[in-house]
Amino acid sequence: MNIKQFEYKPLAHYSYAIVSDGKMAVIDPERNPEQYFEFAKANNAEIVAVIETHPHADFVSSHLEIHKATGATIYNSEKLGADYPHEAFDEGDSISLGSVKLKAINTPGHSPDSITIVATEENETALFTGDTLFIGDVGRPDLREKAGNMKAKREQLAEMMYETIQHKFTDLPDDAVVYPAHGAGSLCGKNMSDAASSTLGNERMGNWAFKKQSKEEFMDTLLDGQPFIPHYFGFDVDTNKAGAEDLQPSIARVPFTENATAEGIIVDTRDEASFKKGHLKGSINIQAVSENAKFETWLGSVIKPEETFTLVIDSAEHKETLLQRVAKISYEKLLEQVITLSDENLENTELLDVTEFKENLDQYTIVDIRNTSEVEEGKYFESALSYPLNELREKASEIPTDKPIVVHCAGGYRSATGSSILQKELAGTKVYDLSDAIQQFKD
């Protein structure tokens with residue numbers, strides 16, 4: 001089979017194209033459809049189908065835009081209750097794509113409306129498992145209590161996942177290739193492998209979910225220790241159910257001004273050194289300087305979908321790239337403007353004297369903004385207060401302000417954000433960022 005896997009690293013997201021006899025199907029596409037159009041052109045293929053394994057929570061899909069541009073039919077589970085033109089694709093349904101046959105099986109667990117796509121051609125089988133079956137794990141069951149057409153409690157979905165793993169893959173061959181929608185680093189699961197694909201036989205041997213165990217044991221393992229749920233997840237489920245607006249018109253409407261100022265919520269995407277040298281008062285530093293930085297995740301974890309904000313970028317030449325990144329989670333809808341800064345009316349950030357800090361730890365309030373699961377594995381400072389970054393804006397008022405505050409994470413990326421949040425929320429208190437020196441304490 002001619003299968004192309006596309007990867008968007010910041011969200012650890014995989015999407016796919018299958019080409020056969022001049023026809024192409026796209027599975028779980030990301031927000032920007034251009035790479036799929038280019039692949040179809042390079043293969044002299046017509047995009048005739050777009051398949052959604054479920055309404056995704058961590059990114060916005062371009063299924064509706066691809067449909068409008070190509071006329072391709074959108075397929076998904078009838079249980080999804082999609083608001084856009086589509087055809088139901090559930091157990092018993094199949095599509096012919098040249099010499100490839102695509103069959104749907106309902107595999108609830110991550111969501112009530114999840115499907116897995118079984119692609120066969122001669123003796124080859126490929127499984128596009130969405131967020132049901134990952135490499136080394138299965139999808140988390142706790143994202144659909146407040147979003148989507150079908151809501152379900154986490155315990156109900158965990159039980160559905162048990163039944164799915166027990167029964168839905170039984171008749172499929174060991175050499176079937178497993179292609180998931182996410183890999184390691186995604187918040188859609190907790191113990192995913194770095195591998196981009198596997199075989200069903202390998203998963204039967206090595207994936208904990210296939211091990212012999214009771215339903216209760218399975219559910220306890222699945223429900224225990226799942227990562228936090230970013231603010232934007234429910235927003236994206238509902239956006240995907242309705243179908244997102246075309247990308248370019250949506251980002252083109254965002255005003256852009258150079259050498260400007262702003263009020264309200266301000267997200268500054270520049271690197272932390274530039275931010276600390278000069279930024280608008282109250283800005284939150286969520287760095288987007290690296291292509292692989294988890295900017296989208298933290299933007300949607302710090303800023304709520306009912307809020308609006310200004311985006312600060314370093315230069316006009318990066319505007320398109322950063323708008324596209326914001327749009328990966330449909331947050332361009334929340335943008336009031338994009339600006340670059342002038343040199344006037346900027347504040348700088350006082351840097352921590354690390355030597356003095358090391359010698360007088362008891363003279364500081366230390367705030368650990370790592371995830372709860374990270375803190376449970378061990379603290380760097382016994383006296384540190386734990387406030388995960390995704391909760392920091394809401395809980396900042398709980399942090400004592402009788403001493404200077406030092407913020408740390410594991411590697412420095414998050415502490416730049418966390419310290420800027422506390423500088424905004426606890427104005428008048430000295431807040432320092434330990435990002436430059438955290439390795440000294442880890443060693």
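The values are calculated or read from the model by the stated rules, or taken from the named source; none is laboratory data. All figures in this text were calculated on a predicted structure; none of them were measured in a lab. Please note: Cβ atoms are built from the backbone with ideal geometry, for glycine as well, and neighbour counts cover all protein chains shown. Protein only, heavy atoms only, side chains kept; ligands, DNA and RNA dropped before computing areas. Shrake-Rupley method; radii C 1.70, N 1.55, O 1.52, S 1.80 Å.
Using a 1.4 Å probe on the protein heavy atoms, what percent of the accessible area of region 356-443 belongs to carbon and sulfur? The partial results should precede the final answer.
On the way: 1680 of 4080 Å².
Carbon and sulfur together cover 41 percent of it.
Magnitude of the charge dipole for the chain, about its Cα centre and with charges confined to Cβ atoms of Lys, Arg (+1) and Asp, Glu (-1), is about 280 debye. Considering only VAL26, VAL60, ALA104, the residue lying farthest towards the positive end of the dipole of region 1-157 is VAL60, judged by Cα position with unit charges set on Cβ.
Here the extension length gained between ARG204 and ALA273 equals 20.1 nm, from 0.36 nm per residue of separation less the Cα-Cα distance. Here the translational diffusion coefficient of region 200-299 follows from Stokes-Einstein with Rh set to the Kirkwood radius across Cα pairs; for 20 °C and 1.002 mPa s it amounts to 116 µm²/s. The calculated FRET efficiency for the pair GLU377 and THR308, based on their C-beta separation and a Förster distance of 35 Å, comes to about 0.40.
Of the heavy-atom accessible surface of region 44-165 (probe 1.4 angstrom), what whole percent is carbon and sulfur? Provide the component values of the computation, followed by the final result.
Numbers: 1700 of 4110 Å².
Of all accessible area on region 44-165, carbon and sulfur atoms account for 41 percent.
Relative contact order of the chain, taken over Cα pairs closer than 8 Å and 6 or more residues apart, is 12 percent. By accessible area, using a 1.4 Å probe on protein heavy atoms only, region 222-292 has 48% of its surface on carbon and sulfur. Working note: Cα gyration tensor of region 248-367, eigenvalues times five, square-rooted, sorted largest first, giving semi-axes of 29, 16, 13 Å.
Counting only Cα atoms, region 180-229 measures 31, 29, 13 Å along its principal axes, largest extent leading. For the residue pairs LYS294/LYS395; LYS281/LYS442; LYS304/LYS430; LYS190/LYS430; LYS103/LYS241; LYS328/LYS358, alpha carbon separations beyond 29 Å are given by LYS281/LYS442; LYS190/LYS430; LYS328/LYS358.
When the charge dipole of region 174-324 is built from unit charges on Cβ atoms (+1 for Lys and Arg, -1 for Asp and Glu) and taken about the Cα centre, the candidate among VAL302, PRO180, VAL289 whose Cα reaches farthest toward its positive end is VAL302. Convex hull volume of the C-alpha atoms in the chain, normalised per residue: 143 Å³. For the chain, build the charge dipole from Cβ charges (+1 Lys, Arg; -1 Asp, Glu) around the Cα centre, then report which of VAL254, THR372, ASN123 sits farthest towards its positive end. Of the candidates, ASN123 comes out farthest on the positive side.
Among the GluC sites (Glu not before Pro) in region 232-336, those placed in a DSSP loop whose Cβ has at most 13 other Cβ atoms within 10 Å are GLU263, GLU291, GLU306, GLU307. Estimated purely from DSSP H runs of n ≥ 4, each contributing -39500 (n - 2.57), the mean residue ellipticity at 222 nm for the chain is -7000 deg cm²/dmol once divided by its residues. Charge dipole of region 69-132 (Cα centre as origin; +1 on each Lys and Arg Cβ, -1 on each Asp and Glu Cβ, all else neutral): 40 debye, rounded to the nearest 20.
Accessible area per residue of the chain at 1.4 Å probe, in Å²? It would help to have the intermediate numbers written out before the result.
Numbers: 18360 Å² over 443 residues.
Spelled out: the 1.4 Å probe surface of the chain, per residue, equals 41 Å².
Determine the shape class of region 149-207: with a ≥ b ≥ c the square roots of the Cα gyration tensor eigenvalues, call it rounded for a/c under 1.5, and otherwise prolate if a/b is greater than b/c, oblate otherwise. Oblate shape, in that a/c is at least 1.5 and b/c is the bigger or equal ratio.
Convex hull of alpha carbon positions in region 3-85: directionally averaged projected area 5.2 nm².
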